[in-house]
Amino acid sequence: MWQQVVRGVSAGMVAWLRSRLPPLCHYGRMHNGERNARALIRGLRYRNKPGRTGRLLAALTGAFLWEEERVREEEILRPAEEMKRVQLAFNKSAAKSSGFEDGDEGWELVMDKQDFRLWRRPIEGTHLYQYRVFGSYKDVTPRQFFNVQLDTEYRKKWDALVIKLEVVERDVLSGSEVIHWVTHFPYPMYSRDYVYVRKYHVDQENNIMVLVSRAVEHPEVPESPNYVRVRNYQSQMVIRPHTSFDENGFDYLLTYSDNPQTVFPRYCVNWMVSSGMPDFLDKLHLATLRAKNMEIKVRDYISSRPQDCGSEARASPERKPAAAHTAPQMDYA
């Protein structure tokens, strides 16, 4: 009953706000007042969908609902199982030029190098692709590579595209974190910003590491007029050591998709993503080598958190204070 009441109140607020929009528009151009109102309407309509009543209450109270948004156990287990399947296919020499022999699931091979293969497959109902990389490194340890990915402070030093990268909130018991990441995009496009939840799992018994990230909304990180918010983003990285976490050599499987919300032609966006992923992995590998050779101190995430992938208990989150922002919409490239 209370859910119906909340939805009714929200629908009433949406209708009232719509009635107030026309006076805010002048000469066919949206001013800040109208942009803010439309952003509020979108938020209310989104949160008023069936099953999202809790999100509406979260928006009204300024809280982030870890119960709904944290990375679940199945999201960790799924890419880990996929890694096993891919490795088995390659160990049996079952890879074809266009994908995997066991059905290939729509994957198209777009880059084939030594110790590096890149596939893509179309995302149904969109002009976008999901990308997958299967590769190996032999000169760094899995622990070093994994830690460098997770260390936000170190990434600010080795990734020149980073404008801002910080942990917004942390779920202490489960180890999930909400990250705000702002990155440069190629000129003349606006910079993009991402708000995403991430969780990592280390299974020493089965010799595997998993890092899962996906876009979320967080009340402390509203849209900024300076960036384009990327709302569709998913990434899963799986690492399997050749021997152990602390000996050189491992295979990795990276599956990635996002919608950069650009008006550029489809082929430009696809080229940017497919070329950007190898470039990022090269920079990540180089940063790992530098951390190893120069003995740069990187936080050891493997030893600093609970390892239970099924730990979804309610935890008292840690928060970082966030500055107030407006949330207008913007035209973007």
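The values are calculated or read from the model by the stated rules, or taken from the named source; none is laboratory data. As the structure is a prediction and not an experimental result, all values here were calculated from the model. With ideal geometry, Cβ positions are generated from the backbone for all residues, glycine too; neighbour counts draw on all protein chains shown. Just so you know, the surface numbers come from the protein's heavy atoms only, side chains and all, with ligands and any DNA or RNA stripped out. Shrake-Rupley method; radii C 1.70, N 1.55, O 1.52, S 1.80 Å.
If you take the residues in region 188-202 that are part of a loop (DSSP other than H, G, I, E, B) and touching a residue at least 60 places away in the same chain (Cβ under 8 Å), which one is farthest from GLU73 (Cα to Cα)? Taking the candidates together, the pick is PRO188. Within region 209-220, the set of residues being hydrophobic (A, V, I, L, M, F, W, C), part of a strand (DSSP E or B) and either open to solvent by 10 Å² or more (accessible area, probe 1.4 Å) or closer than 14 Å to VAL71 by Cβ (or both) comprises VAL210, LEU211, VAL212, ALA215.
When you scan region 132-146, do you find a residue that is at pLDDT below 90 and more than 18 Å from the chain's Cα centre (by Cα), even just one? The answer is no; no qualifying residue exists.
Within region 257-284, residues that are of a type in the set (A, V, I, L, M, F, W, C) have Cβ atoms under 7 Å from residues that are modelled with pLDDT of 90 or more and assigned to a helix (DSSP H, G or I) in these pairs: LEU284/VAL148; LEU284/GLN149, counting only partners at least 6 apart in sequence or on another chain. Taken together, GLU74, GLU67 contain a single residue that is touching an Asp or Glu at 6+ places or on another chain (Cβ under 9 Å), within 20 Å of TYR196 (Cα to Cα), at pLDDT 60 or above and open to solvent by 40 Å² or more (accessible area, probe 1.4 Å), which is GLU67.
Taking (1) outside any strand (DSSP E or B); (2) under 23 Å from LEU109 (Cβ atoms) in turn, LEU254 satisfies each apart from (1). Contact map, region 286-303: residues that are touching a residue at least 24 places away in the same chain (Cβ under 8 Å) paired with residues that are open to solvent by 90 Å² or more (accessible area, probe 1.4 Å) and assigned to a loop (DSSP other than H, G, I, E, B), Cβ distance under 9 Å, separation 6+ or inter-chain. Pairs shown: ALA291/LYS297; ILE302/GLN204. If you take the residues of region 261-275 that are open to solvent by less than 50 Å² (accessible area, probe 1.4 Å) and modelled with pLDDT under 80, which of them is nearest to MET189 (Cα to Cα)? For region 261-275, the residue satisfying everything is THR262. Restricting attention to region 145-187 and to residues that are among the charged types (D, E, K, R) and outside any strand (DSSP E or B), the residue that is most open to solvent (accessible area, probe 1.4 Å) turns out to be LYS157.
Given the structure, is VAL202 closer than 27 Å to GLN261 by Cα, in contact with a Lys or Arg (Cβ under 9 Å, 6 or more places away or on another chain) and among the β-branched types (Val, Ile, Thr)? Criteria not met by VAL202. Among the numbered conditions (1) assigned to a strand (DSSP E or B); (2) open to solvent by 20 Å² or more (accessible area, probe 1.4 Å); (3) over 18 Å from GLN149 (Cβ atoms), the only one that GLU223 does not meet is (1).
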